[in-house]
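Undergrad: Below you will find the structure I want to go over with you.
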Amino acid sequence: MNRRRFLISFLGLLGTTVLVSFVYPLVRFLAPPGGEAKGKKVVIKRSEIPAGSAKDIVVDNIPSIVINVPDKGFIALSRVCTHLGCLVEYDKIKKRLLCPCHAGVYDLEGKVVSGPPPKPLQKFVLRVVGEDIVIG
Amino acid sequence: MSGKIKNWLKIRIGIEELIKTQLTGYMVPGNINIFYTLGFVALAAFISQIITGFFLLIYYVPHSDHAFRSVQDIMNKAPYGWLFRQMHAVGSNLMAAIVILHMFSVFFMGSYKKPREMTWVAGLLMLLITFTFCLSGYLLSWSQLSYWATTIVTAMPTAFPYVGEFITRMLRGGEAVSGTTLNRFFALHVTFLPLFLLTFLATHLFLVRRIGISSPPFGKSGEGRQSWTEYRHESHTEGYPFYPFFVQKEMLMTAAYFAVMFFIISFLPALFLPEDANTPADPLKTPAHIKPEWYFLAPYQMLKIIPNKLLGISIQIILVMLFILWPFFDTKKEENILKRHLLLALFILSVIAWIALTIWGRYS
């Protein structure tokens with residue numbers, strides 16, 4: 001390798017190093033900082049949700065729903081559609097959760113019935129303690 | 001007085017020579033048609049967006065607590081605020097339409113062929129930037145429509161394994177669309193995108209000037225029919241001068257563009273601002289039957305009918321890439337699409353499919 005080629009290669013290496021050393025801080029700068037509070041429990045009264053009805057809540061900043069399914073009891077699901085993030089709505093008559101954006105349909109256990117959603121709705125841990133329902 | 005100014009400029013920048021080489025002596029093909037003015041109309045539309053955008057910045061507050069209110073104040077309290085906001089909102093839709101029309105006409109005229117591959121690629125990248133402009137500007141009004149349209153689009157990368165969730169978080173600045181997303185989209189809309197668009201615009205215009213305006217493949221045959229084995233400027237010596245001949249056509253079409261814009265503002269003011277666009281964003285309620293803007297209806301409907309999210313988004317990315325790189329696949333010398341039946345059929349089918357998906361998406 002002659003001196004000219006060595007210098008060109010060295011400059012190329014130097015340029016790449018400078019570029020990469022800026023890319024990493026840039027990606028970190030654009031990536032959102034973590035540390036959002038998670039694991040907070042949500043408590044609601046059983047009496048607020050009669051059989052067949054539902055209540056919208058927010059669990060860990062996720063819009064969610066608690067449904068009182070007749071003969072099965074309470075179930076807590078995320079309302080965020082697994083297709084592209086719209087919020088599903090509870091249809092009391094059809095006993096389904098419907099996404100208004102791309103026509104995704106879920107059953108009351110969050111399983112996909114039809115439409116483009118790739119996976120079921122996220123399910124939250126739910127406990128009934130006396131007259132309270134504890135979610136999360 | 002004008003003679004003095006002319007002489008002043010002549011001494012300093014050689015204005016006469018500049019006018020001669022760039023306007024009166026710059027020739028356009030003799031068989032050029034009205035569709036060739038669409039590039040200039042798109043430029044005029046972009047300039048109009050910049051000017052009205054600057055005015056809107058005076059009143060707009062890029063904060064999730066104030067954005068919706070500030071836009072409503074622009075519409076209802078600021079004197080003639082409604083005019084500039086409507087010009088900006090209607091203009092964004094019309095600009096998208098003009099850029100799409102420009103692209104279709106360039107494709108139909110075969111003007112993307114050698115040696116203009118780079119001009120086509122720069123143009124297509126500008127089309128994508130225009131759509132990104134529309135999308136990022138959409139969120140700024142912080143309405144129900146804008147909030148949920150942004151939620152859907154920023155969720156698209158989640159279709160890709162491993163990196164998808166990270167890209168979505170980076171776009172949104174968190175798990176969901178929030179005030180942080182608004183700040184990011186505002187920065188994108190008013191600084192990064194104009195810079196990108198101006199860069200590609202400069203490249204596009206440089207290439208058009210450097211190579212010369214392409215001539216329609218129908219009718220006359222000229223030097224454009226010669227093979228391109230080395231660089232040459234297509235000078236159209238047998239054609240007409242750019243000024244005043246072609247500039248008049250461009251002015252006519254620009255006037256038509258603004259006539260359509262003001263017709264919509266005057267007689268159809270709610271055309272691009274439906275009810276959900278005037279309802280403040282509610283992160284806990286997705287409006288029923290939410291629809292994207294008309295230019296996103298076809299991909300929206302496609303996502304709806306393809307059952308697999310990764311497949312649906314991948315098909316769309318492949319189609320866009322194929323279109324951007326089309327000049328490198330279609331290397332046949334024949335520019336006249338009417339003599340290439342397979343390509344003509346493909347073009348017509350693609351346009352019909354796009355229109356059909358758009359209508360289906362609108363009424364589904």
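The values are calculated or read from the model by the stated rules, or taken from the named source; none is laboratory data. Quick caveat, the model's predicted, so the values are computed rather than measured. Glycine gets a Cβ as well: all are built from the backbone with ideal geometry, and neighbour counts include every protein chain shown.
Undergrad: Tell me, yes or no, whether the stretch B:117-133 has at least one residue that is more than 15 Å from the chain's Cα centre (by Cα) and not β-branched (Val, Ile, Thr).
TA: Yes, the stretch B:117-133 contains at least one residue that is more than 15 Å from the chain's Cα centre (by Cα) and not β-branched (Val, Ile, Thr).
Undergrad: Out of the residues in the stretch A:87-131 that are within 14 Å of chain B (Cβ to nearest Cβ) and of a type in the set (Val, Ile, Thr), state the one that is farthest from residue B:150 (Cα to Cα).
TA: A:113
Undergrad: Checking residue A:55 against (1) surrounded by 15 or more Cβ atoms within 10 Å (Cβ to Cβ); (2) within 14 Å of another protein chain (Cβ to nearest Cβ); (3) outside any strand (DSSP E or B), only one condition comes out false. Which one?
TA: Condition not satisfied by residue A:55: (3).
Undergrad: Moving to a separate point now. Would you point out the residue of the stretch B:286-297, among those that are more than 14 Å from chain A (Cβ to nearest Cβ) and modelled with pLDDT of 90 or more, that is surrounded by the most Cβ atoms within 10 Å (Cβ to Cβ)?
TA: B:295
Undergrad: Check the stretch B:85-98 and report whether any residue there is farther than 19 Å from residue B:189 by Cβ, under 17 Å from the mean Cα position of the chain (by Cα) and buried (at least 19 other Cβ atoms within 10 Å of the Cβ).
TA: Scanning the stretch B:85-98 turns up at least one residue that is farther than 19 Å from residue B:189 by Cβ, under 17 Å from the mean Cα position of the chain (by Cα) and buried (at least 19 other Cβ atoms within 10 Å of the Cβ).
Undergrad: Something else now. Out of the residues in the stretch B:350-364 meeting the condition of being away from chain A (no Cβ under 14 Å) and of a type in the set (S, T, N, Q), tell me which one is surrounded by the fewest Cβ atoms within 10 Å (Cβ to Cβ).
TA: Residue satisfying both the conditions and the ranking: B:350.
Undergrad: When the residues of the stretch A:33-73 are narrowed to those that are modelled with pLDDT of 90 or more and of a type in the set (Asp, Glu), which ends up nearest to residue A:86 (Cα to Cα)?
TA: A:56
Undergrad: Under the condition of being facing chain A (nearest Cβ under 8 Å) and within 18 Å of residue B:131 (Cα to Cα), which residue from the stretch B:155-171 is surrounded by the fewest Cβ atoms within 10 Å (Cβ to Cβ)?
TA: By that ranking, first place goes to B:156.
Undergrad: Let me ask another. Can we say residue B:266 is in a loop (DSSP other than H, G, I, E, B) and either more than 30 Å from residue A:88 (Cβ to Cβ) or touching a residue at least 60 places away in the same chain (Cβ under 8 Å) (or both)?
TA: no
Undergrad: To continue, here is another question. Any residue at all in the stretch B:310-318 that is buried (at least 18 other Cβ atoms within 10 Å of the Cβ) and either within 14 Å of chain A (Cβ to nearest Cβ) or not polar (S, T, N, Q) (or both)?
TA: Among the residues of the stretch B:310-318, at least one is buried (at least 18 other Cβ atoms within 10 Å of the Cβ) and either within 14 Å of chain A (Cβ to nearest Cβ) or not polar (S, T, N, Q) (or both), which makes the answer yes.
Condition check ((1) in a strand (DSSP E or B); (2) among the hydrophobic types (A, V, I, L, M, F, W, C); (3) on the phi > 0 side of the Ramachandran plot) across all residues:
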position: A:76; (1), (2), (3): yes, yes, no
position: A:84; (1), (2), (3): no, yes, no
position: A:94; (1), (2), (3): no, no, no
position: A:103; (1), (2), (3): no, yes, yes
position: A:108; (1), (2), (3): no, yes, no
position: A:117; (1), (2), (3): no, no, no
position: A:120; (1), (2), (3): no, no, no
position: A:133; (1), (2), (3): yes, yes, no
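Undergrad: Might you let me know whether the stretch A:32-51 holds any residue that is under 17 Å from the mean Cα position of the chain (by Cα), more than 14 Å from chain B (Cβ to nearest Cβ), crowded, with 20+ Cβ neighbours inside 10 Å and assigned to a loop (DSSP other than H, G, I, E, B)?
TA: Checked the stretch A:32-51: no residue is under 17 Å from the mean Cα position of the chain (by Cα), more than 14 Å from chain B (Cβ to nearest Cβ), crowded, with 20+ Cβ neighbours inside 10 Å and assigned to a loop (DSSP other than H, G, I, E, B).
Undergrad: Would you check if residue A:9 is among the polar types (S, T, N, Q) and in a helix (DSSP H, G or I)?
TA: The answer is yes for residue A:9.
Undergrad: Of these, B:171, B:182, B:205, which one is in a helix (DSSP H, G or I) and either under 20 Å from the mean Cα position of the chain (by Cα) or closer than 23 Å to residue B:323 by Cβ (or both)?
TA: Among B:171, B:182, B:205, only B:205 is in a helix (DSSP H, G or I) and either under 20 Å from the mean Cα position of the chain (by Cα) or closer than 23 Å to residue B:323 by Cβ (or both).
Undergrad: Now, a different point. In the set A:23, A:27, which member is modelled with pLDDT of 90 or more, within 14 Å of chain B (Cβ to nearest Cβ) and part of a helix (DSSP H, G or I)?
TA: A:23
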